[in-house]
Structures are given as C-alpha cells and as structure tokens.
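Inspection log for the structure reproduced underneath, given as structure tokens.
The values are calculated or read from the model by the stated rules, or taken from the named source; none is laboratory data. The structure presented is a predicted model; accordingly, all values stated were derived computationally and were not measured. Cβ coordinates were reconstructed from backbone atoms using ideal geometry, including for glycine residues, and neighbour counts include every protein chain displayed. Note: accessible area is taken over every heavy atom of the protein model, side chains too, but ligands, DNA and RNA are not part of it. Shrake-Rupley method; radii C 1.70, N 1.55, O 1.52, S 1.80 Å.
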Amino acid sequence: MNSAAPASGRLVAYGCLALSMSLVGGYVALSKPLVAAFPVLLLAWLRFGIAALAMPHWLKRTPDEPPMTPRTRWLVFLESFLGNFLFSICMLFGVSLTSAVSAGVIMASIPACVAVASWLFLRERITVRIGLAIACAALGIGLLALSPAHAPAPGSAASSSSMPWLGNLLVFCAVLCETAYAVIGKSLTGRLGPKRIASLINLWGFVLSMPFGIWFALQFDFTAVRFGTWALLVAYALAASIWTVWLWMTGLRNVPAAQAGVFAVLLPVSAALVGVLVLDENLSSPQLLAFAIALVGVVLATWPGRRT
C-alpha cells in the first residue's frame, strides 16, 4: 500500500499532502480577521454549516465501499470531535490570543507528534530518513522559539492581549488534535473514500457545534458584518472542511502516517507567510532559516519516493 505504490502515485500523494497543509496554514492565519468579527463558537458552527451545504452528495456510499462497522462509525466520530471540532475551537481561540507567526512556531511540532503517535498506535516504523526529517522540524521550532522577533505586529489583536501564553497553549492543544486527526485518518482511509470521510466528519462537526452556534447566533448582529468578511468566511469554510480534508485523505491513502506528518511543516510556513504578507506581522532572519530547515525535512521525507 505504501512502498509498493507506483512512483507517480506517490508523487500525487505528496502533492495532495503538501497542498492540504499549505491551505491549513493559510486559513489558520486568515482566521484572525474572522475571530475579530464573529464569536469563536459561532464561527465554528457557520464554517461547518456552509461546508455542509456544499457537499451533501459526498455523503452517499460508493458501490465499492463496504458498509460502516460500529468501529468505523466510532473512528469517524473521533476524527471529527478531535481533529475537526476541537481543533477548530482550540485553533480559533488560540490565534485570537497570539500571532499567526507564533501559532506557526508551535505547529511546527506536528511532524514529531504524528511520528510518535503513528509508532505508538499504528506500529509504523520510523526510518532514518523520516527521523532526520522530524529532527529538521524540531530544529526549526527550536530556532523559532529562541527568536525574539516572533511577536505580533504592534496594534494587532494579539499584541493587546494580556494572555499570549494561553493562546500558545491552545495552539499546542490544536497540535495534539491534528496529531489524532492524522493517525485516525490513516485508519479510516482503508475503510472509506476521501470524499465520504470529509463529508461525514464535517456533518459531525456541525452537530457538535450546533448548541453553541445557535445560542450565539440569537444574540449576534449579522447585519454589522461586511461583505468582505462574509466572502472570507465562505472561503475559510470551503478550505477548512472540504478542500484540505479531501486532499489530506487522498494523499494519506498511499503514504504512511509518520511520513505524511512531515508535510505538516508546511502548515507553519504558510501560516507565517500569510501573517507577514497579509497581516503585517514580523518575520526575522532566524525564522527564515527555520522555515528553510523545515523544507529540508520535507525533501528528506519525499526524496526516496521520487528516486525509486
């Protein structure tokens, strides 16, 4: 399934994983204007609801797909609760209290977390190359953590917060949720198709967030939201619930979870770049070096597949 996959299939899988994590990093950063306009729990409910309207046809089981067993249903629920619902809540609250660049720093630990979890729960072997790739990710996060310039831009919401430590802690909780998402997703790809996984976990996310969403919606003034914010919300919902999930599950079918986790280094890279280019946050030379090292980790993880 993994090493026996054709080289072209592995390249497509690598591309799907890389694009998925880049999009996640982009919407993590762009969610900062959204959490300034909407309450976090209302924003999460709107995200799942908009996506649910866009993919009802993905819920149907394909002829070649076996019926779901009770274990598969439980895994689908866990995938949504941990990797979709809790990840969204922790990430949205976290980026509202810290900078996009700081969130990217913490999320650079995802590859190491996924590798350890896949070794513990999936019994996947961590090869020397994957270990070196994880070391690159760890070195990158170390450089970023020691850099004094990953503070939010002056005047931003995060800079005015008195609890950046809480934002960083919540982002790390999102890292643990993303780790569970990768490991459980690897189990699901052997049972369900990528489109059906995406639609089912989004539907569960909508149900889980509904009580909070309705309560906040009854008190919220929707007329005060500008058109540009609504457009950003739609793009965020489609990217977070449809595009990134489908791309990730498609790539994960032909790549071990530990190797796929290395592509998560593209999440902090894209989050930081969006923070700098769009949100006017600061990016220092040590951070650029850290991102370069992170990309070396991706090359280490994928190069053997391209050579074979």
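Answer with yes or no whether Ala149 is outside any helix (DSSP H, G or I), over 18 Å from Gly25 (Cβ atoms) and modelled with pLDDT under 80.
So Ala149 fits the description; yes.
Restricting attention to the range 271-295, and to residues there that are more than 11 Å from the chain's Cα centre (by Cα) and under 21 Å from Tyr14 (Cβ atoms), which single residue is surrounded by the most Cβ atoms within 10 Å (Cβ to Cβ)? Ranking the qualifying residues of the range 271-295, first place goes to Ala294. Under the condition of being under 15 Å from Leu17 (Cβ atoms) and open to solvent by 30 Å² or more (accessible area, probe 1.4 Å), the residues counted in the range 177-211 number 0. Would you point out which residue out of Thr250, Thr229 is open to solvent by less than 50 Å² (accessible area, probe 1.4 Å) and within 19 Å of Asn84 (Cβ to Cβ)? From the options Thr250, Thr229, the qualifying one is Thr250. Checked against (1) buried (at least 21 other Cβ atoms within 10 Å of the Cβ); (2) farther than 20 Å from Gly213 by Cα, Pro67 meets all criteria but (1).
Out of Trp58, Trp74, one residue alone is among the aromatic types (Phe, Trp, Tyr), surrounded by fewer than 16 Cβ atoms within 10 Å (Cβ to Cβ) and farther than 28 Å from Phe291 by Cα. It is Trp74. Within the range 16-39, does at least one residue satisfy the condition of being open to solvent by less than 50 Å² (accessible area, probe 1.4 Å), modelled with pLDDT of 90 or more and among the aromatic types (Phe, Trp, Tyr)? The answer is yes, given that some residue of the range 16-39 is open to solvent by less than 50 Å² (accessible area, probe 1.4 Å), modelled with pLDDT of 90 or more and among the aromatic types (Phe, Trp, Tyr).
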